[in-house]
Amino acid sequence: MKLNSRAAVAALLLGVAPAALVAQIVAPTTPPPAPAFEAQGEPVFKNRADVYSYRALPAYQQPAYMDAFVAAGLLPPVAERLPAEPLVFSTAATEDGVGVYGDVMRHVIGGRPEGWNFWGGQSQGWGGIDIGMTECLTRTGPLFEINADDLQPLPNLAKSWEWSEDGMSLTVHLIEGAKWSDGDPFDTEDIDFYWNNVVMDPEVSPLMAATQDTYGTGTTLEIVDAYTFKLNVTTPFPSQVLYALAYGNFCPGPSHMLKPHHPAFGGASYEAFVNAFPPEFMNFPVMGAWVPVEYRPDDIVVLRRNPYYWKVDEAGNQLPYLNEVHYRLSTWSDRDTQAVAGTGDFSNLEQAENYVEALRRAADPAAPARLAFGPRTIGYSLYMNFSANGWGEPDERAQAVRDLNRNADFRMGVTQAIDRVRIGESLVKGPFTAQYPGGLYPGTSYYDEASTVFYPYSLESAKAHFANAGLADTDGNGFLNFPADVLGGADVQITLLNNADMSTDGNLAEAVVAMMEEAGIKVALNTLSSNDMDSVGLQGGWDWRIFRNGSDLITVVQNTEQLAPLGPQTMRTHFANAAGEIDLMPFEEELNTLISGFIATQDPAARVELMKQYQKVYTENVYGVGLTAYPGALIINKRFSNIPAGAPIFMYNWAEDNIYRERVFVAADAQQDYELHPDTIPGAPGSAGAVTAN
Ligand code: GLA
């Protein structure tokens, strides 16, 4: 017989043992099947070595307008600006072959630049600005088109590497003779500064994930010479380290600019270091293809080709082909609208609310942009803060919520109060969204359905779990209260941190608030700009948050260390307190054992098995409350060439990296007059704007 919830609460109040309530709990199952959705466009699979190599070519070219700068002595000849052996893209691996110079990619973004100090934690506004400016030691975005048996990060600033025989030391060889966009040499001085004064300095939090734990806690750096260094690791052959040399983790900054502002080298303070290069600061030196030359607040950021870029095509043309990239500072939804309308050039269609209209407009054969869907890799979860020992210095209310977050019945109640069908349909009708329980994504290589525990939607069951967790509506106001000895039996009140910059995040947050209310849990929104949300998230001052998941849950091999609280700062829901201690729950210890095991073994069968167990422990214990997962589409203006087939908007990285923008071009007869600073080169460091040859 099923008890109704009022009876359940009454039973609880009468002190009836929780076992009496079990009858109304709806048991978990495997996840319901997702609607079939075909990705459009198959990647042309290849080996890494087919894409590019490092070698000298007999001659090099630059855009004709740059000749005047060389003649005027403002720039060395192109061959002297390039490394002796530049990175050479193979023509055979491109869609449309050797390109031509000119034109612009006009991006639109919803973020805003805080400044250029990526290493001090400043965002440039996302949408590909930082991806186009920073280059990393290895590269993973394009791995979506690499053969499975050759799957490893691509080289980039690191041109090769080898493990010592015992697997405890990785020797990395940098490209030799590459230069920053102001002509300063790129070498191990930049690596040294990045490692010792960014990654290992607890006062500095780089924008994305790299911390002392990313490479295995205790890993050390050893500089061998100007172009060689070693990472001495703590377990043999940790293959995720190569992924942690890619975007997000090991993209060194210009030490010649950053060092003088860092407190270890006489900089005034950490705050001054972080803020040393505000968005108005032009020509900040980059290793990427484009350099910032114009910034107008709430209007635009313009980047112009880097004269020292160290990549070429097989014909010896220095890349990039595109002279400029623009970033209109608008909204993320406007990015979709403009890309479809042809006033912008690029969008990752990822806000499901815009799908129907975007599809309708793109279906017109005369539409200016093509739109292609990829796999279901856009997914959101609701995360709970699991630190009960001080991270983010919770007050009494927040501490009580953290204790609740750590209660398995409470988490099961929350997940069963979420109606994922309703959530999906509120975003977009049609075969797009899947009911995502959390953990590894369905359809990805390590996902195993039989190991995935799905708690079906059931308000009755949710309420029974909440009762088991000790919550009851003791004051009859429709919301559950803490037991009398916690906060005097006050209503449970939870704050949900979410991102103001994305409409999907807002809609999901509102759905969660409404569904929790139906289950008797009071949730209030704390809606912040993504820049502020990220810093609150890292500092730990939050109860719950909505998060668009990263590549770790898709690829597993990238950011593997972020899958479990292995170190003081690897798991974004559970950092250590100020003393460096993490109060692990027993199932988190299990997750740690499984992920350490995964990192420690190279045996593919063992890895598959460990990930099955990981998924089981994760989903059974509701480590993250999955909300929805759906496919994204790349929208790109039809005038661009060399867009790889089947490029997903998100997998190992975002499409801005996946499509190799430095190799994208516009055929001569399709070129438009969009350049804002034609015939200029970025000026000397510190000067404003671009300079002309005369
Ligand atoms: C934001 C956007 C993504 C992508 C990334 C790139 O997060 O939502 O679509 O453009 O920036 O960093």
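Quick one: how many residues across the range 248-274 are farther than 14 Å from Val199 by Cα and either part of a loop (DSSP other than H, G, I, E, B) or of a type in the set (Gly, Ala, Ser) (or both)?
Total satisfying the criteria: 6.
What's the total number of residues in the range 491-524 that are over 15 Å from Val414 (Cβ atoms), among the aliphatic types (A, V, I, L, M) and in contact (Cβ under 8 Å) with a residue 60 or more places away in the chain?
Within the range 491-524, the first condition is being over 15 Å from Val414 (Cβ atoms), and the residues that meet it are 491, 497-507, 510, 524.
Those left that are additionally among the aliphatic types (A, V, I, L, M): 497, 500, 502, 524.
With in contact (Cβ under 8 Å) with a residue 60 or more places away in the chain added as a condition, the list becomes 502.
Residues flagged as over 15 Å from Val414 (Cβ atoms), among the aliphatic types (A, V, I, L, M) and in contact (Cβ under 8 Å) with a residue 60 or more places away in the chain within the range 491-524 amount to 1.
Of the residues that make up the range 426-449, is at least one within 16 Å of the ligand (Cβ to nearest atom), at pLDDT 95 or above and either assigned to a loop (DSSP other than H, G, I, E, B) or not aromatic (Phe, Trp, Tyr) (or both)?
Checking the range 426-449: at least one residue is within 16 Å of the ligand (Cβ to nearest atom), at pLDDT 95 or above and either assigned to a loop (DSSP other than H, G, I, E, B) or not aromatic (Phe, Trp, Tyr) (or both).
Considering Gln338, Gln318, which residue is at pLDDT 95 or above, open to solvent by less than 10 Å² (accessible area, probe 1.4 Å) and of a type in the set (S, T, N, Q)? Talk me through it step by step, then tell me what you get.
Working: Gln338 fails: open to solvent by less than 10 Å² (accessible area, probe 1.4 Å).
The match here is Gln318.
For the range 48-136, which fully contained helices (runs of 4 or more DSSP H) count at least 3 residues that are within 20 Å of Glu656 (Cα to Cα)? Walk me through it before giving the result.
Values: elements: 48-51, 67-71, 78-81, 129-133.
Result: 129-133.
Select the helices (runs of 4 or more DSSP H) contained entirely in the range 580-694, then report the ones holding at least 2 residues which are open to solvent by 20 Å² or more (accessible area, probe 1.4 Å) and of a type outside the set (Phe, Trp, Tyr).
Values: elements: 586-600, 604-620, 655-658.
By residue number, 586-600, 604-620.
Filter the range 580-595 down to the residues that are at pLDDT 95 or above and either in contact with an Asp or Glu (Cβ under 7 Å, 6 or more places away or on another chain) or not β-branched (Val, Ile, Thr) (or both) and list them by number. Full working, then the answer.
Keep residues of the range 580-595 that are at pLDDT 95 or above, which gives 581-595.
Result: Glu581, Asp583, Leu584, Met585, Pro586, Phe587, Glu588, Glu589, Glu590, Leu591, Asn592, Leu594.
Pairs under 9 Å by beta carbon, first residue assigned to a loop (DSSP other than H, G, I, E, B) in the range 530-557, partner among the charged types (D, E, K, R) and more than 16 Å from the ligand (Cβ to nearest atom), six or more apart or different chains?
Gly540/Glu393; Gly541/Glu393; Asp543/Arg397; Asp543/Arg402; Val556/Arg607; Val557/Arg607
So how many residues does the range 111-120 have that are buried (at least 23 other Cβ atoms within 10 Å of the Cβ) and small (Gly, Ala, Ser)?
1
Ser160 is checked against (1) more than 16 Å from the ligand (Cβ to nearest atom); (2) out of contact with any Asp or Glu (no Cβ under 8 Å at 6 or more places or on another chain); (3) in a loop (DSSP other than H, G, I, E, B); (4) open to solvent by less than 50 Å² (accessible area, probe 1.4 Å) and fails just one. What number does that condition carry?
The number of the failed condition is (3).
May I ask you to list the residues in the range 465-518 that are within 16 Å of the ligand (Cβ to nearest atom) and either part of a loop (DSSP other than H, G, I, E, B) or β-branched (Val, Ile, Thr) (or both)?
Listed by number, the residues that qualify are Ala500, Asp501, Met502, Thr504.
Which pairs do you get when a residue that is at pLDDT 95 or above, found in the range 166-183, comes within reach of a residue that is of a type in the set (Lys, Arg), reach meaning Cβ atoms under 6 angstrom, with the pair 6+ apart or on two chains?
Ser169/Lys230; Thr171/Lys230; His173/Lys159; Ile175/Lys159
Do any residues in the range 347-368 that are assigned by TED's automatic domain parsing to the domain that holds Val325 and acidic (Asp, Glu) have Cβ atoms under 7 Å from those of residues that are within 13 Å of the ligand (Cβ to nearest atom) and assigned to a helix (DSSP H, G or I), where the two are at least six apart or on different chains, and which pairs are they?
Glu353/Ser503; Glu353/Thr504
With respect to Gly115, determine if the residue is over 30 Å from Arg639 (Cβ atoms), assigned by TED's automatic domain parsing to the domain that holds Phe229, in contact (Cβ under 8 Å) with a residue 60 or more places away in the chain and within 16 Å of the ligand (Cβ to nearest atom).
Taking the combined requirement at face value, the residue does not satisfy it.
The values are calculated or read from the model by the stated rules, or taken from the named source; none is laboratory data. If you're wondering where the values come from, they're calculated on a predicted model, not measured in any experiment. Note that each Cβ is placed from the backbone with ideal geometry, even for glycine, and that neighbours are counted across all protein chains shown. When the accessible area is computed, the model is the full protein with side chains, heavy atoms only, and any ligands, DNA or RNA have been set aside. Shrake-Rupley method; radii C 1.70, N 1.55, O 1.52, S 1.80 Å.
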